[in-house]
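What follows is a short report on a single structure.
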């Protein structure tokens, strides 16, 4: 009982902190990202050069989104390279052009680790070597089975983070702990209200169309979803999870 009250108090303070940070940073974020078409989009040099590294590689990235959305959310994607492959394959979902008939799932739109319109991506997963080729095959299968290949909705999903979370559930070996700023990750395909897996692999999740729910997982810890915003506590790598702010504590 006492532990529950402490948790609620921490989450309550976290909510106030997240609101304050969002208010204080919103004007700056809007100003800095107004000219996003001219923003940096070259490599962040986090993915190993295929000419120098022959082993198989899987990486997952997250970067703050464009304009006002970047105050609260990130865009995520997956990059893979098989053994001795000369280049990477990048998988992601994007909303631009979907209303004109362009597929939401985009493959090789740009490089594996490029800046996302001026924002340097954070690397969430980096798997290499033995056994990774088999995981790449399963990632490819998950990409092709994604149930919303021609649909995109910013909130509450399906969006880019819904896609990455879907692949994480299909390939639990990725141990994908998506940040609390990955709005849309809690949107379960087909309107399901429960899942016996989480993007991190081992765990359970309840979700009402991505608008509200609870997740408990070994990688993620305890997360509460309120209107698509994530509040949580990670005990595996001690940290608070707050909307807009992200993780506060160990990485």
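Values for this structure:
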item: Exclusive hit being under 22 Å from residue 98 (Cβ atoms), modelled with pLDDT of 95 or more and crowded, with 24+ Cβ neighbours inside 10 Å, set 151, 160; result: 160
item: Test: residue in the range 112-119 that is surrounded by fewer than 19 Cβ atoms within 10 Å (Cβ to Cβ), within 16 Å of residue 45 (Cα to Cα) and in contact with a strand residue (DSSP E or B) (Cβ under 7 Å, 6 or more places away or on another chain); result: no
item: Subset of the range 78-104 (residues that are farther than 17 Å from residue 65 by Cα and assigned to a strand (DSSP E or B)); result: 79, 80, 81, 89, 90
item: Filtered residues of the range 54-66 (kept if in a loop (DSSP other than H, G, I, E, B) and in contact (Cβ under 8 Å) with a residue 60 or more places away in the chain); result: 55, 56
item: Verdict on residue 211 being modelled with pLDDT of 95 or more, crowded, with 23+ Cβ neighbours inside 10 Å, touching a strand residue (DSSP E or B) at 6+ places or on another chain (Cβ under 9 Å) and closer than 27 Å to residue 99 by Cα; result: no
item: In the range 68-111, the residues that are surrounded by fewer than 16 Cβ atoms within 10 Å (Cβ to Cβ), touching a helix residue (DSSP H, G or I) at 6+ places or on another chain (Cβ under 7 Å) and more than 18 Å from residue 156 (Cα to Cα); result: 83
item: Selection within the range 215-251 - assigned to a loop (DSSP other than H, G, I, E, B) and under 22 Å from residue 197 (Cβ atoms); result: 218, 219, 220, 228, 235, 236, 237
item: Pair list, Cβ < 6 Å and 6+ apart or interchain, from the range 177-197 residues that are surrounded by fewer than 19 Cβ atoms within 10 Å (Cβ to Cβ) to residues that are modelled with pLDDT of 95 or more and assigned to a loop (DSSP other than H, G, I, E, B); result: 189/147
item: Residues of the range 111-139 classified as in a loop (DSSP other than H, G, I, E, B) and within 15 Å of residue 77 (Cα to Cα), total; result: 7
item: Of residues in the range 140-166 being touching a strand residue (DSSP E or B) at 6+ places or on another chain (Cβ under 6 Å) and in a helix (DSSP H, G or I), the one nearest to residue 85 (Cα to Cα); result: 143
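The values are calculated or read from the model by the stated rules, or taken from the named source; none is laboratory data. Values in this document were obtained by computation on a predicted structure and should not be read as measured data. Positions of Cβ are generated from backbone atoms using ideal geometry, with glycine treated the same way; all protein chains shown enter the neighbour counts.
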